[in-house]
1. Based on the Cβ-Cβ distance from Asp173 to Arg70, what FRET efficiency comes out when R0 is 22 Å, to the nearest 0.05?
2. So how much slack lies between Thr123 and Asp77, counting 0.36 nm per residue of separation and subtracting their Cα-Cα distance, in nm?
3. At Lys86 and Asp136, where each label point lies 7 Å from the Cα along Cα→Cβ, what is the point-to-point distance in nanometres?
4. Given points 7 Å out from each Cα along the Cα-Cβ axis, report the Asp113 to Glu99 separation in nanometres with one decimal.
5. Under a 5 Å amide H to amide H cut-off, with H placed in plane at 1.01 Å, what residues pair with Phe170 once short-range neighbours are removed?
Amino acid sequence: MKKFLFTIIFLLAFTASASAEDARLANVRVYHSKDLKISFVVKGAFKEDILEAINSGIPTSFTFLIRLYRVKTLWFDEPIGTWKFKHTVKYDALKEEYEVTLDESRGTVKTKDLKEMKRLMVTGDEVTIKPSPHLDERKVYKLGIKAELDTINLPFFLDYILFFVKLWDFETDWYTVTFSPEVGAGSPPAATSK
């Protein structure tokens, strides 16, 4: 019996780690005109078990973390600011409808289309970041972005039975973009992934 339980736990952990390796940030673009704007998409975020959890009515959130630094050549990079926002989906089985809440726009979108729900959950479209003080055109900056699937909070009795649900959590690697505001409005700088 102990061997059987150990095997099940090992397989669940292995599956979760394999899923986590697949999730990654792509198509990251940084634009600077009056404000700093970031666009991105998370690839490989939706595994079958995550979709099953969503479709069973469990609220699920992706958290996006953004860090901005001013690059210094002979010293550590200077932190400018950190921003955090979520995309949360809840499925209403009676209406057969997904409700996606987007923190950055303070809006909620309702859709019956699975593909549209997935697109909304993993896409950031010109998310505005307002660093203070404003960016200096003569300086070079580094922006890092990361995505995480939050721990799904279940009622106590389900959490006890389905302890492996926490293995669904994943996080992407940091995706780093180095840029200078003088690149010009609407011109994406070269991006480097780290």
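Rule-based calculations on the coordinates, nothing more; no lab input. Remember, it's a predicted structure, so these values are computed and weren't measured experimentally. When we count neighbours, we look across all protein chains shown, and the Cβ atoms used for this are built from the backbone with ideal geometry, even at glycine.
1. Calculated value: 0.50.
2. Using 0.36 nm per residue and subtracting the Cα-Cα distance, I get 13.8 nm.
3. 3.7
4. According to this spin-label approximation, the distance is 2.1 nm.
5. Leu149
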